Amino acid sequence: MIFVTVGSQLEFDRMTAAVAAWARARGRGDIYFQTGATKVDLAGFERSALLDAREIKRKYDEASIVVAHAGTGSIIECMSRGKPIVIVPRSARLHETRNDHQFATAKRFEKRAGVFVAWDEREIGPLLDRAAELAGGARIAPYADDALIAALRGFIAE
Amino acid sequence: MSNRGTPRRKRVLAVSSSGGHWTELRRLAPAFRDAECIWCSVRSEMRAEVAPDRFELVPDANRWNKLRLAWSALCVAWVVLRTRPDVVVSTGAAPGYFAISLARFVGARTVWVDSIANADELSMSGQKASRIATLTLTQWPELGPPLPADPRARAKGTAYFAGGVV
């Protein structure tokens, strides 16, 4: 199953539409869309505007690959499961978010195992065509870097 | 003087909005192990997630809806007043900024951990928070100097690097 998620804030129809078009062209029905307030026609696909925490965790668990906006929540959920993720940065110019921080996020996380970037919607299909080759990285620890934890513990104790 | 020699456990208020901000905040949990941690965020289902720790629900808001933003700020103020934290920690965004700006009125020290999403520059709320927070941390070494071990060597308003949530 491919899990497609736009995160908890805003719709991301450019990504949603591109995945739906790819799925129809390939005859794929094993896709779950979490879309926000979408205007994309998703007839025939399982979908939801928003999922609660437990449902969304189940979707991450069940998916063989995830397609998501380049949000840290989506990326971390996949990295902690060792699951491959295709991330698509939201563009400020297209009013998909307020600034281009998702491009910066994508650039940094592209270096991490299991994270693949579709820099625009045209790159999503070609990546999904070779989904079988896109391997997840090693599962990351459930907590932040030891150094960050230690710094915060120190600060709290001061 | 019944507690002489054993300092009272610190009370930490850990605040964020939902999505990635919350995911990042939760990954800091081991830092609060010796404290009494109260979590504060915007979705009721998080209460079960943090149990047995205490959870305070506040309304979600972003910069695009001023009325909701004001209501959210009032609710966060109420939480800060009621919980009287020693330390406020936030990974963003709006609710965390409110909590940090209100914390000074209850004498709490504050730390803003800017989201790992902000890899090229500090977020807008992070830049605002850095002017009032006791300590500001970035998760990218390119965006700030290493955190000095000695608190007196830290400059307010500077974002320091001490590691990331991933």
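Annotations for the structure displayed:
- Of all residues in region B:51-66, those being acidic (Asp, Glu) and within 18 Å of B:Ala77 (Cβ to Cβ) number 2.
- Residue in region B:93-113 that is part of a loop (DSSP other than H, G, I, E, B), closer than 24 Å to B:Glu56 by Cβ and modelled with pLDDT under 95 present: yes
- Considering (1) in contact (Cβ under 8 Å) with a residue 24 or more places away in the chain; (2) out of contact with any Leu (no Cβ under 6 Å at 6 or more places or on another chain); (3) not β-branched (Val, Ile, Thr), the lone condition that B:Ala51 does not fulfil carries the number (1).
- Unique residue being within 16 Å of the chain's Cα centre (by Cα), under 17 Å from A:Ile156 (Cα atoms) and not aromatic (Phe, Trp, Tyr) when the list is B:Ala73, B:Ala99: B:Ala99
- Among helices (runs of 4 or more DSSP H) entirely within region B:9-92, having at least 3 residues that are within 26 Å of B:Gln127 (Cβ to Cβ) and either modelled with pLDDT of 95 or more or within 9 Å of chain A (Cβ to nearest Cβ) (or both) singles out B:20-26, B:66-83.
- The residues in region B:144-166 that are within 11 Å of chain A (Cβ to nearest Cβ), under 19 Å from the mean Cα position of the chain (by Cα) and not in a loop (DSSP other than H, G, I, E, B) can be counted, and the count is 3.
- Exactly one residue out of A:Lys83, A:Lys107, A:Lys111 is in contact (Cβ under 8 Å) with a residue 12 or more places away in the chain and charged (D, E, K, R), and it is A:Lys83.
- Residues that are touching a Pro at 6+ places or on another chain (Cβ under 6 Å) and within 12 Å of another protein chain (Cβ to nearest Cβ) within region A:115-157 comprise A:Tyr143, A:Ile149, listed in sequence order.
- Listing of helices (runs of 4 or more DSSP H) fully contained in region A:12-129 that carry 3 or more residues being within 13 Å of the chain's Cα centre (by Cα): A:13-26, A:53-62, A:72-81, A:101-109
- Residue that is farthest from the other protein chains (Cβ to nearest Cβ), among those in region B:115-140 that are within 12 Å of A:Arg108 (Cβ to Cβ) and hydrophobic (A, V, I, L, M, F, W, C): B:Trp140
- A:Thr97, sole failed condition from (1) in contact (Cβ under 8 Å) with a residue 40 or more places away in the chain; (2) surrounded by fewer than 22 Cβ atoms within 10 Å (Cβ to Cβ); (3) away from every other protein chain (no Cβ under 13 Å): (3)
- Restricting attention to region B:142-166, the residues that are in contact with a helix residue (DSSP H, G or I) (Cβ under 7 Å, 6 or more places away or on another chain) and either among the basic types (Lys, Arg) or surrounded by 17 or more Cβ atoms within 10 Å (Cβ to Cβ) (or both) total 8.
The values are calculated or read from the model by the stated rules, or taken from the named source; none is laboratory data. What you see is a predicted model, and the numbers here were worked out from it, not measured in a lab. Note: ideal-geometry Cβ built from the backbone for every residue, glycine included; neighbour counts use all protein chains shown.
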